[in-house]
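This report concerns only the one structure given below.
The values are calculated or read from the model by the stated rules, or taken from the named source; none is laboratory data. Only a predicted model underlies this, so the values are computations on that prediction, with no experimental measurement involved. As a convention, Cβ positions derive from the backbone with ideal geometry for all residues, glycine included, and neighbour counts pool all protein chains shown. Just so you know, the surface numbers come from the protein's heavy atoms only, side chains and all, with ligands and any DNA or RNA stripped out. Shrake-Rupley method; radii C 1.70, N 1.55, O 1.52, S 1.80 Å.
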Amino acid sequence: MTTLSISHGHVVADILPARQAPPIKRMPLFKMLFGDVLSAALTSGALMTILALMPAFQWGLVDATWTTSDPAACRDGGACWAFIGAKLRFILFGLYPPDEQWRPMMMMGLMIAMVLVSLSPALWGRKLVIAWLVAVAVMLSLMWGGFTGLPFVPTSQWGGLPVTLLLALLSLGCGFPFAVFLALGRRSSLPIPRVLSIGLIETIRGLPLVGLLFVASILLPLLLPPTWTIDKLGRTLAALTVFAAAYLAEVIRGGLQAIPSGQIEAAKALGIPHWKAIQHIVMPQAIQKVIPPLTNTAIVMVKNTSLVMIVGVFDMLSAGRSAAMDPVWPAPYREAYLFVGLIYFALCVAISYYARWLELRVKAKDYR
């Protein structure tokens, strides 16, 4: 280490001897865990939670039956994870014909590939939107079939994880553009778009999703002309899309309110048309500001797909429940629900971590 001193107008460097680093103060473990009232309460609560979960660990890991060809072996009291292995295809694909289950597997593979391609904001644009439209058309064509030798499979035989993923993806994908128009309409100075947007948003937000699903499943066919027919999966998708659009619209409106009005005025002064100013200036900033609530809404919509079993759509939760009703197995409802819950948990955690990465990336870009 050197110090600088001034002597007779000259700079002189003096080298100081090296010194030892200060000793690290280590807190005793007991003091760390029970040093004050708060630490003692947290430590005691953690110990009580671990003790309370010990029977669950005993049931799920120690006494569990992992592999067996005899369902009677699962009657010893532990978890029957062998049931999951035996019913895995039914839980994942539902009533889809067993010989054609490679098609929903390809559909999910294509969906995962498109999601991975879409992760980078550098690829966002018109081309990616067109690619997604083509990919969704291919996914639905694979599931339906009826061409090039593929047997036709009606939506009544779709089920399991593909239905859950399709409902979540399409409801959010179709609901987001609708939500943008609703948010802009609610902030519009024109009375008709504002009244219509407010009426639709408040009506949908004031109704439970279960009620909307029943309306779409039972009342919607009665309101349509006799020559119009929409299957149950399509009606359920319509209800989920409208529900997602109403909640996304309020999130986007919050982002729009955070943008100073001077930006629109500056765009008008530069001769930029209003809609181009909204598209290229205001909306990107508004969406960046509301990434966390948008993520929350996306996670809620993924979990809300489990409610479609109420109106008879055979999603992943319905498949798990039906598999557990097999009389050959000793009613492994807990194992089925835990397995389905883990899949939902993995999907929601993946969305949450991606949104966190995207938010940090936006902040890092703003600091440059």
How many Å² of accessible area per residue for region 158-243, probe 1.4 Å?
51 Å²
Nearest-0.05 FRET efficiency for Leu219 and Val37 at R0 = 45 Å, using Cβ-Cβ distance, is 0.20
Name the residue, out of Leu166, Leu207, Leu51, whose mean-square fluctuation peaks in a Gaussian network model built on the chain with Cα pairs under 10 Å.
Leu51
Take the alpha-carbon centre of region 146-183, take the same for region 222-280, and report the distance between them in whole Å.
20 Å
Expected output is a single nm value to one decimal: the length gained when fully extending between Lys303 and Ala21, i.e. 0.36 nm times separation in residues minus the C-alpha distance. What is it?
96.2 nm
Working with all protein chains in place, sort Ser197, Ser189 by solvent-accessible area computed with a 1.4 Å probe, largest first.
Ser189, Ser197
Round to the nearest 10 and report in Å² the accessible area of Tyr333, as given by a 1.4 Å probe over the protein chains' heavy atoms.
80 Å²
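Could you check how much of the accessible area of the chain is carbon and sulfur, as a whole percent, using a 1.4 Å probe?
69 percent
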Before anything else, pin down the relative contact order of region 259-368: Cα pairs under 8 Å, at least 6 apart, normalised by residue count, whole percent.
24 percent
At a threshold of 8 angstrom on Cα-Cα distance, excluding pairs fewer than six apart, so keeping six or more, what relative contact order does the chain reach in percent?
18 percent
Taking the alpha-carbon centroid of each part, what is the distance from region 39-53 to region 201-221 in angstrom?
44 Å
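Given only helices, namely DSSP H runs of n ≥ 4 each adding -39500 (n - 2.57), what is the per-residue ellipticity at 222 nm of the chain, to the nearest 500 deg cm²/dmol? All intermediate terms of the calculation are to be shown ahead of the outcome.
Details: 17 runs with 228 residues, N = 368.
Computed ellipticity for the chain at 222 nm equals -20000 deg cm²/dmol.
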On a 31 Å Cα-Cα criterion, which of the cross-link pairs Lys276/Lys303; Lys87/Lys232; Lys31/Lys289; Lys276/Lys363; Lys87/Lys303; Lys303/Lys363 come out too long?
Lys276/Lys303; Lys31/Lys289
Residue-level accessible surface for Ile218, protein heavy atoms, 1.4 Å, Å²
90 Å²
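Translational diffusion coefficient, Stokes-Einstein: compute it for the chain using the Kirkwood radius over C-alpha pairs as Rh, at 20 °C and 1.002 mPa s, and state it as an integer in µm² s⁻¹. Could the numbers behind the result be given before it?
On the way: Rh = 25.5 Å.
Stokes-Einstein gives a translational diffusion coefficient of 84 µm²/s.
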Rounded to the nearest 10 Å², the accessible area of Met27 using a 1.4 Å probe with every protein chain kept is 110 Å²
Tabulate in residue order the Karplus-calculated ³J(HN,Hα) for region 63-69, using 6.51 cos²θ - 1.76 cosθ + 1.60 with θ = phi - 60°, rounded to whole Hz; enter x for Gly and Pro.
8, 6, 9, 8, 9, 6, 9
